[in-house]
Structure formats: C-alpha cells, structure tokens
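Encoded as structure tokens, the structure appears first; notes follow it.
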Amino acid sequence: MKIAVTRPPAKLNLFLELLGKRSDGFHEIDTVMVPIDLCDELKLWRTDDPGIELQVGWLPSIEIVAARLGVECGSPQADSLLSIPSGESNLVHRALTEFSKRLGVTGGFGCQLHKRIPAGAGMGGASSDAASALLAAATLCDVSLDSPFLWEIAASIGSDVPFFLGDPQGGSGGGAIRAARARGRGEKIEATPIQGTLNFVVVFPGASLSTPTVYGHSVVPDQPLSAESLVAALRSGDLAATQTSLSNRLAQSAKEILPRIDEILKTMWRFGMTACQLTGSGSACFAVVQSADEARHCANRLRSLLEPGAFVIDARSVSLPAGITIGDTK
Ligand SMILES: C[C@](O)(CO)[C@H](O)COP(=O)(O)OP(=O)(O)OC[C@H]1O[C@@H](n2ccc(N)nc2=O)[C@H](O)[C@@H]1O
Ligand SMILES: Nc1ncnc2c1ncn2[C@@H]1O[C@H](COP(=O)(O)OP(=O)(O)OP(=O)(O)O)[C@@H](O)[C@H]1O
C-alpha cells in the first residue's frame, strides 16, 4: 500500500496590515509569512471504502505537551488547548472530502496526523495540515501539484491554506513552501525571497485565541503601513532592517483579549529580544534574533522562566519542497 508522508510546517507573520473591511466579512490584508521548522507529521493512504478515517495525536505525547503547558491531562484547560477534532471539523478531513468530491476519487483516505504546532496560536497549524493533505492526496492520485483546483479547494477552506500549498515555480517539480507575501484575504500569494536564514524564539503562552474574535476587535488604520521595507530587507538579508520592519496590526486587539501576550512581549524585551511581536491573530509571540546560538540561548533562559505554563522553542525559517515522499508498507 502506498503511504504519503509529509511534515506540515508552522508559519510566522513578520508583517500583517489591515487595508480595509470587505463586504464578505473578511479583511483585505497585506501580510508576509515565513514557514519555520516546527512541523506536524501527516501520513496519508488510499482506502477501498469511501470516507475519511482520521487519527490524531500529539508529539512526543499529550502528557508531555500538557506538562509543558502546565495543564492537567483531561482538565478543561487541557481540553481547550489540546483537543483536536478527528471528524468533519478537522481541516484535513474537509480538504480530503472536497478533493475526493472534485476529483471523483473512488474509495476514501486513511490519515494519521501527529501534532506539534499549537492550536489557536497564529501559527497556521490546521491550515498547514489541510494544505499538506491536499498535496499528499494529489501525489497518491497522480494529480499535478500545481493544479489550479488544489488552490481553489485550499482557498475555500481558509485564508491561510493556499500559502502552505507552496509556490509552483518555487522548486524542481512540486514547488516550494517558502516565505511569501499574501494579499486579498490572504489567499493571493507572491513568493518573497529571503537572503539567508532567519532565527527565532517562539513563545506560545498556553492560551488559544479565536481568529474571528481577534479580527472582529481590530481597527483598520487610516494610513496603513507598507510591507515594502520588510520585503527589501528580507531580499537583501539586512537583519537589522528586518527587525525594525516587523509589524502586526492584530497585536493590539489580541493583547486586549489576552493581556498575557503583553506580559510575554515585555519579558522577551527585558531578555534583550527587542525585535518581538505577535504572529497572525495570536496567541504566540516571536522574536527575530541574530543567530541560531542566540535563539537556543534565549529559548533556554525563557523556558526556565516560563515553563510550565507556556511552550518555548527556538526555530528557523525554512523553504520546504512541496513534493511528498511516498513510502510503501510491506
Ligand atoms: C490571521 C492569519 O492567520 C494571518 O496569516 C489569517 O489572516 C487568518 O487565516 P485563517 O485562520 O485561515 O482564517 P479563515 O479561517 O479564512 O477566517 C476565519 C475568520 O477570520 C476573519 N478573517 C480572516 C482572514 C481575513 N483576511 N480577514 C478576516 O476578517 C473572519 O472573521 C473569518 O471568518
Ligand atoms: N488539523 C488541525 N490541527 C489543529 N486544529 C485543528 C485542525 N483542524 C481543525 N482544527 C481546529 O481549528 C482550531 C484552530 O487551529 P489552528 O489555530 O491550528 O488553525 P489555523 O487557523 O490554521 O491557525 P491560526 O492559529 O494561525 O489561525 C483548533 O483549535 C481546532 O479546534
């Protein structure tokens, strides 16, 4: 039996500006996103019976993840942070159902999803899983990875999903999941070259935020900021200019909803991580630091201060082949 194996990456928003409120209830946005080396794990195979069989778990284990977040397994706090749907409300289930319908796939799919990316963190976990499921299903069904209908399905599932399909021109074969600027409601993707690698410290404060709620509380500015200076800094590899061009218009709304975000950012600042901000609609915060060593050092110091009760990692920007590895089970 052929098994597609893939590792959906998380993302960080280095820039996010609100350009206006649309009649469909979404906001017109301008954002720059970077995939990072914090990844879920997804395996997908075809089945004779129609339907989607989805198994979900946490890595390394739900007990270890709960302990780091300082919540008791089985408690309401753990449920709100760690319960991942395995039915139709999982974006992977929705993606595979839509794919099967659009392509007229005979039979169904079996999927094993192991999570590392926190949910409600602004790191695109569910969206990335859905995009990877589409790429894996296309590979198993011999459908080209740059088929326009994959992007249509992705855009219908969520504004962040197309970013994780990768840039068809981005690599040999299926393209690459890499830094990009996204506009519209986030589904219009334009690759943004990064010179070198960015190093991050990421803090998930052990509380999830609802994307619609954060957007709903946000204010569209009269004079929106432009992403151009950040795009130029990324292209030239100018780290200082990148650090001073970070911006996220959703941060104010997220801090009002979850004041712990402001506490985390102030702590990061005090530890010398002055280029720090919220990612996406939160709740996770990140800092851009000088090197991988500094990221490891700062993460270790913050971890000893914040864990249990938060999730602290060092991470780096990545560019990943959208192509999927196909294995065979004996
Ligand atoms: C905050 C970001 O993660 C930044 O990358 C994205 O803009 C949100 O992407 P997402 O989670 O895939 O969002 P969706 O599932 O498409 O939309 C969830 C809800 O967020 C709000 N929303 C989302 C995207 C957008 N451009 N404007 C919005 O106002 C809407 O209330 C929408 O109903
Ligand atoms: N594959 C999935 N992984 C995690 N959560 C999922 C998944 N599918 C659906 N969900 C539900 O979606 C909620 C939001 O998950 P997550 O925050 O990862 O989504 P996202 O919109 O891709 O990311 P962001 O936090 O950037 O908005 C979760 O709390 C969970 O209830």
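The values are calculated or read from the model by the stated rules, or taken from the named source; none is laboratory data. Here the structure is a predicted model, which is why all the values come from computation and not from measurement. Note: ideal-geometry Cβ built from the backbone for every residue, glycine included; neighbour counts use all protein chains shown.
Residues checked against (1) within 16 Å of ligand 1 (Cβ to nearest atom); (2) in contact with a helix residue (DSSP H, G or I) (Cβ under 7 Å, 6 or more places away or on another chain):
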position	(1), (2)
K43	no, no
S61	no, no
G74	no, no
Q77	no, no
F109	no, yes
A133	yes, yes
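I need the full set of residues from region 1-19 which are within 16 Å of ligand 1 (Cβ to nearest atom) and either among the aliphatic types (A, V, I, L, M) or in contact with a His (Cβ under 9 Å, 6 or more places away or on another chain) (or both), in order please.
Listed by number, the residues that qualify are A10, L12, L14, L16, L18, L19.
Take region 300-330 and flag every residue that is assigned to a helix (DSSP H, G or I), buried (at least 16 other Cβ atoms within 10 Å of the Cβ) and either free of Cβ contacts under 8 Å to residues at least 24 places away in the same chain or under 20 Å from the mean Cα position of the chain (by Cα) (or both).
Hit for region 300-330 is R303, nothing else.
Return the pairs, sorted by first residue and then second, in which the second residue is part of a helix (DSSP H, G or I) and of a type in the set (V, I, T), the first residue lies in region 234-248 and is at pLDDT 95 or above, the beta carbons are less than 7 Å apart, and the residues are 6+ apart or on different chains.
Close Cβ pairs (under 7 Å, with a partner that is part of a helix (DSSP H, G or I) and of a type in the set (V, I, T)) amount to L234/T242.
Out of curiosity, is E256 touching a residue at least 60 places away in the same chain (Cβ under 8 Å), part of a helix (DSSP H, G or I) and of a type in the set (D, E, K, R)?
Criteria not met by E256.
Tell me the residue from A251, A176, A207, A233 that is more than 20 Å from the chain's Cα centre (by Cα) and small (G, A, S), please.
It is A233.
Could you please find all residues in region 140-165 being among the hydroxyl-bearing types (S, T, Y) and modelled with pLDDT of 95 or more?
Result: S156, S159.
May I ask you to list the residues in region 195-205 that are out of contact with any Cys (no Cβ under 6 Å at 6 or more places or on another chain) and crowded, with 21+ Cβ neighbours inside 10 Å?
L198, N199, F200, V202, F204, P205
So which residues in region 55-86 are away from ligand 2 (no atom under 14 Å from the Cβ) and either outside any helix (DSSP H, G or I) or among the polar types (S, T, N, Q) (or both), if there are any at all?
Within region 55-86, P60, S61, G70, V71, E72, C73, G74, S75 qualify.
Which of the residues spanning region 87-114 are surrounded by fewer than 19 Cβ atoms within 10 Å (Cβ to Cβ) and near ligand 2 (Cβ under 9 Å from one of its atoms)?
Within region 87-114, just S89 meets the criteria.
Tell me which residues, restricted to region 6-31, are part of a strand (DSSP E or B), out of contact with any helix residue (DSSP H, G or I) (no Cβ under 8 Å at 6 or more places or on another chain) and either modelled with pLDDT under 95 or of a type outside the set (S, T, Y) (or both).
L12, N13, L16, E17, L18, L19, G20, K21, E28, I29, D30
State all residues of region 32-50 that are crowded, with 19+ Cβ neighbours inside 10 Å and part of a loop (DSSP other than H, G, I, E, B); if no residue qualifies, say none.
D40 - this is the single residue of region 32-50 that is crowded, with 19+ Cβ neighbours inside 10 Å and part of a loop (DSSP other than H, G, I, E, B).
From the list M268, M273, which residue is assigned to a helix (DSSP H, G or I), in contact (Cβ under 8 Å) with a residue 12 or more places away in the chain and over 20 Å from the mean Cα position of the chain (by Cα)?
Sole residue among the options that is assigned to a helix (DSSP H, G or I), in contact (Cβ under 8 Å) with a residue 12 or more places away in the chain and over 20 Å from the mean Cα position of the chain (by Cα): M268.
Looking only at residues that are without any contact (Cβ under 8 Å) to a residue 40 or more places away in the chain and under 22 Å from D142 (Cβ atoms) in region 77-104, which one is nearest to the chain's Cα centre (by Cα)?
Out of the qualifying residues, it is K101.
Among strands (runs of 3 or more DSSP E) lying entirely in region 102-209, which contain 2 or more residues that are more than 30 Å from A241 (Cβ to Cβ)?
108-115
Among the residues that make up region 212-220, is at least one of them crowded, with 16+ Cβ neighbours inside 10 Å, within 18 Å of M33 (Cα to Cα) and not aliphatic (A, V, I, L, M)?
Within region 212-220, one or more residues are crowded, with 16+ Cβ neighbours inside 10 Å, within 18 Å of M33 (Cα to Cα) and not aliphatic (A, V, I, L, M).
I'd like the residue in region 116-168 that is within 16 Å of ligand 2 (Cβ to nearest atom) and among the polar types (S, T, N, Q) and, out of all such residues, is surrounded by the fewest Cβ atoms within 10 Å (Cβ to Cβ).
Top of the filtered list is S156.
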